[in-house]
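No value in this document is a laboratory result; all are computed from the given coordinates. Just so we're clear, the structure is a prediction, and the values are computed from it rather than from any experiment. Here Cβ is always computed from backbone atoms with ideal geometry, including for glycine, and neighbour counts include all displayed protein chains.
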Amino acid sequence: MNAFRQSVEAMIPALRRYARALARDADIADDLVQDTLVRALRSERLFLGGDLRSWLYTILTNLNKNRRRSLARRPPLVPLLDNNADASGTEAESRDIERALSTLVEEQRSVLLLVVLEGMSYREVADIQGVPIGTVMSRLARARAHVRAMLEGERPALRRVK
């Protein structure tokens, strides 16, 4: 196995972790990672060196954006029952964090996950997202404030439109 393929293989656990946090569904996350790996291995000759980690995260992020666009065209499925109503302690805290993350807009959630979960720098996240560093910082600050407000029991503030 060549060095490129070994490097890609070494990134699989991190890709799975990010995809699971991003998609919030293990099966969808596994599909995203598989599609990312297929595209990366097919495009090996196009990789001219540089940061393999950022390149793979960019592929995964773009695949997820495409998935979300196609889902936006379909009506959403809403769960009818909350089976975790009697959860306590760490389980309840985990559920609260998951709910807070699910209320974030996609751009804020992905930036928060890349910085906090994956430990990436603002520059790396900016390159992956294709936005300026200032946008990353703004999205991250808004995401953190929103999650903090949700965990403290505040209702999310609505923006006024003039």
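Throw me the Rg/Rh for the range 1-77, computed over C-alpha atoms with Kirkwood Rh, two decimals. Intermediate results must be reported in sequence, preceding the final value.
Working: Rg = 13.3 Å, Rh = 13.1 Å.
Here the Rg-to-Rh quotient is 1.02.
Taking R0 as 25 Å, what's the FRET efficiency between Arg148 and Asp30 from their Cβ-Cβ distance, rounded to 0.05? Please list the in-between numbers first.
Numbers: r = 31 Å, r/R0 = 1.23.
That gives a FRET efficiency of 0.20.
For the range 1-77, calculate the relative contact order in percent as a whole number, restricting contacts to Cα pairs under 8 Å that are 6 or more residues apart. Numbers along the way, then the final one.
Numbers: 40 pairs, mean separation 24.1, N = 77.
Relative contact order of the range 1-77: 31 percent.
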| request: Pop a pseudo-label 7 angstrom from the Cα along the beta-carbon direction at both Arg5 and Ala72 and give the gap in nm to one decimal. | output: 3.8
